[in-house]
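Just so it is clear, none of the values below were taken in a lab; they were calculated from the coordinates. This structure is a prediction, so every number in the text was calculated from the model and none was measured. All Cβ positions, even for glycine, are placed from backbone atoms using ideal geometry, and neighbour counts span all protein chains on display.
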Amino acid sequence: MEAENFEINAGGGIKLFCTSWNPDDQPKAVLFIVHGLGEHTGRYEEMAEIFTQKQLAVFGYDHRGHGRSGGKRGHASSIDQLLEDLELALMKCRSLHIGIPLFLYGHSMGGQVAATYLNSVKSKEISGAIISSAWFGLVSPPPSWQIALIKKLAHVAPSVTLSNKLDPAFISSVPEEVERYKQDDLVHDRISFALFKSLFFNGLYLKDHAQPARMPMLVCHGDQDKITSIEASRQYKEGLGEKAEFKIWEGAFHESHNDHDKKRVMNYYADWVLGKLSE
């Protein structure tokens, strides 16, 4: 597996960090990763190893305010700004992999970003999508008074950040994976008032207003997820119609791809992509 790093220019003078992992032979398709809140694309290197062994390329980028990308940690002005960054990263990915099928993989916050993109952009360049443990709804959402306060603060102090209150123990049922997450210097626990407000309400909207899928989609969720709601993912999938599948990972916490059965999970995703190529 060969890895290349890039930087692309985004709005507000922000530079987005990108990584492309390539198999030894010409790839059959490329998986485009949209990572979750507080993390970064480097945490998907093991997934990239499995995909490249099956002659699939993998491309990912760090959201603004995340990982090696620029910007205040945990801040974006809105979901729209994240969508603009996504489109720029997709342009870079397409330039590297001209003429081969492209599949989206969005996890958690990244699942919401990817789902929003598919819901609003009638792209003919996306061959399929995997939506993993997406933020459509939270298992333990803030009380209504706190949501009302955040809405006000998002107007007067949009870029002020606070802890996202994510308990690392909820990431995976495997203690070693939790410790790896906690020791990762590029992982942070910040989210701004503006970003939380945008993601919270956009997730609820998507859950109830999913458009019928125009390409194959796999919506998946760990049944022990204590962060994002499996029922919200189930409701989102129902709105997608016949082209979507729903996959439950039994016993898995929020990051099914970093849980007790992670090799099977990641191989399942790679084989799903390969299967769609042959249909």
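The table for this structure:
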item	result
Calculated [θ] (222 nm, deg cm²/dmol) that DSSP helices of n ≥ 4 give over the chain, each run adding -39,500 (n - 2.57)	-12000 deg cm²/dmol
Entries in K92/K165; K54/K165; K92/K124; K165/K262 that, when Cα-Cα distance is taken, lie over 27 Å	K92/K165; K54/K165
Sorted by Cβ density within 10 Å, fewest first, the residues H221, H254, H63, H188	H188, H254, H221, H63
At least 24 Å along the helix axis (C-alpha) and Kyte average at least 0.0, DSSP helices within the chain	79-96
Relative contact order for the range 2-277, counting Cα pairs under 8 Å that sit 6 or more residues apart, in percent	19
Rough spin-label spacing in nm, given labels placed 7 Å along Cα→Cβ, for K152 and L186	3.9
Low-density loop cleavage sites - GluC sites (Glu not before Pro) in the range 244-273, where at most 14 other Cβ are within 10 Å (DSSP)	E250
Fewest-first ranking of F51, F17, F6, using other Cβ atoms within 10 Å as the exposure measure	F6, F17, F51
Most mobile of Q81, Q53, Q146 in a GNM of the chain (Cα contacts under 10 Å)	Q146
C-alpha center-to-center spacing [the range 256-272, the range 19-55] in angstrom	13
